[in-house]
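Participant: Right, I'll just put the structure down here and ask away after.
The values are calculated or read from the model by the stated rules, or taken from the named source; none is laboratory data. Just so it is clear, the structure is predicted and the values come from calculations on it, not from any experiment. Ideal geometry is used to build each Cβ from the backbone, glycine not excepted, and the neighbour counts take in all protein chains shown.
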C-alpha cells in the first residue's frame, strides 16, 4: 500500500513565483511516497525525508548551507508536525521543486529563497543555494529509497541524511537513505457525459445503436495500474466500437489515463421492458458511476410467430417455426450468427399459408449458433423474429430412444434428473411433457395414432431432437 501523508500549513500563504512557477513555502495538499520513476516529473513539488513511516525528519529551512531536519509524522494517510512553533521558518518542511535539466536530468530549487541547489565544492558537505542550475540524476526503488546525485565535478555530490547532525547534505558515500514525497491532487476521473439514456430497439431486433462518451483520469495512485469498467446486465461497452464486453480493464501509466472514447449499447436478446442501472468506473484511487437507461419495445409482426426452435441433426441443425395469421408475407429468410450481432442469410422459404415451416443448415459453427427469421412482406418491408441459440457442443446420439419404431411404450435413456423432454406431433402440437426423475424413463405411446412424432430434450441451452415412428 502506498504511504500517503497530508500537510496542512496553518494560516500560511503559499507564494507562487509567476516567472519560475515555484512554490516558495510548503503547499497545502497530499504528499505521496514516490516509488516509481513515473512520479518524478519536472515541475513536481517534493518533500525529502529520512524515512517513510512514524516520526521522520523532513528537509527544513536553510541553515549554514545545509538543510536541517524538521520532525514530521508519517502515517498511512497524513503527516503532522511535532514542532509547535510553526510560524518560524526553521520549523517548516520545505518543498524541493524539480526543473528540466539536460539529458534526462533535473534541476533542484528550494522553497526558502527560490534558488537553484548544488553541492558544495571541495571536500565540504552541503546543499547550497546557487544562481545557476545544476543537473541532478534521480532514481527511486519500489520501496521508496531515492538516489539524488549531482554533477560528477563535485567530489561530494550525493544527497543523504546525516543522523548525528540531523541534517540533509551532500556526501561522497555513507550516511542514511532519503525518501521523496510528491505533492499530488486527489485522483479524479472526467467523463464527457453524466448519464446515457434513450437506448431502444424493438424486441428481436437488437442490439441498440451505440452511444459514446469520452473518459480520462489524472493524479491516479499508484502511478501505473488498471482502471476497470463494468456495465450491468442488459448493457455492453467497447473501446473500438466493434468488440463489446460487459467488463474489462484498461491500463494507465504516468498517474493518468489519456482521453479515449467509450461506446455503450443495449445487448441483443432482451425481452421487452425498461432497463436502468449504472456503468461503474474504478481504479487508481477513484471511482465514478454513469446511470444508463433504455427500453425494448414489443413490435407487432405482420405474422404471429408462435414458436421457433432449433434442433441438432447428425449433419447440422434444423430450425422449425410455427405461425398464425400469416398475411401478405412473401417469404421467410433464415439468418445465422456466431455472436448474435452479425447475421448472414443461410436459407429461404416462400410463404405458403402453412402453420409450420422448417429449414436445415449443414455448415454450422463450433460453439454457439444464433438464429432469427427475417420476415419479408410483399411490399418489400421486413421485420425480425426473436433470436434463438443452439450450441454445437452436444450430439443427438447422447439421447437414446428405443424401440423405434414403437407400438406402445418407448424407453428414453441417458437423462439427467430434472431434465425436461417433450413429445410433439408434426402439426406443431405439444402432446406430452415429462420431467426426468432418473436416467431412464418410459413414455407411453399406446393411445396415440400411428404416425411420426418429435421427441425434444431441453438440455441447458440445447434442444436435442429425435424422430419417433409409431406403428
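Participant: Can you tell me which residue among 364, 412 is assigned to a loop (DSSP other than H, G, I, E, B) and in contact (Cβ under 8 Å) with a residue 12 or more places away in the chain? Full working, then the answer.
Facilitator: Values: 412 fails: assigned to a loop (DSSP other than H, G, I, E, B).
Of 364, 412, the one residue that is assigned to a loop (DSSP other than H, G, I, E, B) and in contact (Cβ under 8 Å) with a residue 12 or more places away in the chain is 364.
Participant: Only one of these conditions is not met by residue 31: (1) farther than 21 Å from residue 135 by Cβ; (2) crowded, with 22+ Cβ neighbours inside 10 Å; (3) at pLDDT 80 or above. Which number is it?
Facilitator: Status for residue 31: all satisfied but (3).
Participant: Can you tell me which residue within segment 320-351, out of those that are within 37 Å of the chain's Cα centre (by Cα) and modelled with pLDDT of 90 or more, is surrounded by the fewest Cβ atoms within 10 Å (Cβ to Cβ)? Full working, then the answer.
Facilitator: Kept after step one, since they are within 37 Å of the chain's Cα centre (by Cα), are these residues of segment 320-351: 334-346.
Then drop every residue that is not modelled with pLDDT of 90 or more, which leaves 334-336, 344-346.
Details: 334: 24, 335: 18, 336: 22, 344: 8, 345: 10, 346: 21.
Going through the qualifying residues, I end up with 344.
Participant: Yes or no: segment 182-193 includes at least one residue that is within 30 Å of residue 298 (Cα to Cα) and either outside any strand (DSSP E or B) or in contact with a strand residue (DSSP E or B) (Cβ under 6 Å, 6 or more places away or on another chain) (or both).
Facilitator: Within segment 182-193, the subset within 30 Å of residue 298 (Cα to Cα) is 193.
Of the ones still in play, those that are also either outside any strand (DSSP E or B) or in contact with a strand residue (DSSP E or B) (Cβ under 6 Å, 6 or more places away or on another chain) (or both) are 193.
Yes: one or more hits.
Participant: Here's something else I'd like to know. Quick check: anything in segment 45-65 surrounded by 14 or more Cβ atoms within 10 Å (Cβ to Cβ), at pLDDT below 85 and under 20 Å from residue 255 (Cβ atoms)?
Facilitator: yes
Participant: With part of a strand (DSSP E or B), in contact (Cβ under 8 Å) with a residue 12 or more places away in the chain and under 29 Å from residue 425 (Cβ atoms) as the only criterion, which of 326, 333 stands out? Step through it out loud before you land on a result.
Facilitator: Details: 326 fails: part of a strand (DSSP E or B).
Step by step, each of 326, 333 is checked, and only 333 is part of a strand (DSSP E or B), in contact (Cβ under 8 Å) with a residue 12 or more places away in the chain and under 29 Å from residue 425 (Cβ atoms).
Participant: Residue check: is residue 142 assigned by TED's automatic domain parsing to the domain that holds residue 97, over 18 Å from residue 60 (Cα atoms) and under 42 Å from the mean Cα position of the chain (by Cα)? Spell out the reasoning first.
Facilitator: Details: assigned by TED's automatic domain parsing to the domain that holds residue 97: yes; over 18 Å from residue 60 (Cα atoms): yes; under 42 Å from the mean Cα position of the chain (by Cα): yes.
Judged against the criteria, residue 142 is a match.
Participant: Return the only residue of 85, 102, 121 being at pLDDT below 80, in the same structural domain as residue 174 (by TED's automatic domain parsing), assigned to a loop (DSSP other than H, G, I, E, B) and surrounded by fewer than 14 Cβ atoms within 10 Å (Cβ to Cβ). Write out each step before concluding.
Facilitator: Numbers: 102 fails: at pLDDT below 80; 121 fails: at pLDDT below 80.
Residue meeting the stated conditions: 85.
Participant: Can you tell me which residue among 339, 307 is free of Cβ contacts under 8 Å to residues at least 60 places away in the same chain and either in the same structural domain as residue 246 (by TED's automatic domain parsing) or closer than 28 Å to residue 274 by Cα (or both)? Full working, then the answer.
Facilitator: Numbers: 307 fails: free of Cβ contacts under 8 Å to residues at least 60 places away in the same chain.
Unique residue meeting the criteria: 339.
Participant: With respect to the numbered conditions (1) modelled with pLDDT of 70 or more; (2) part of a strand (DSSP E or B), which one is the sole condition not fulfilled by residue 6?
Facilitator: Status for residue 6: all satisfied but (1).
Participant: Further question on the same structure: For segment 236-300, give me every one of the strands (runs of 3 or more DSSP E) that falls completely inside it and has 1 or more residues that are free of Cβ contacts under 8 Å to residues at least 24 places away in the same chain and loosely packed, with under 12 Cβ neighbours inside 10 Å.
Facilitator: Details: elements: 247-252, 257-266, 273-283, 286-297.
The strands (runs of 3 or more DSSP E) meeting that bar are 247-252, 273-283.
Participant: Looking at (1) under 16 Å from residue 466 (Cα atoms); (2) in the same structural domain as residue 434 (by TED's automatic domain parsing), which is the only condition residue 318 fails?
Facilitator: It is condition (2) that residue 318 fails.
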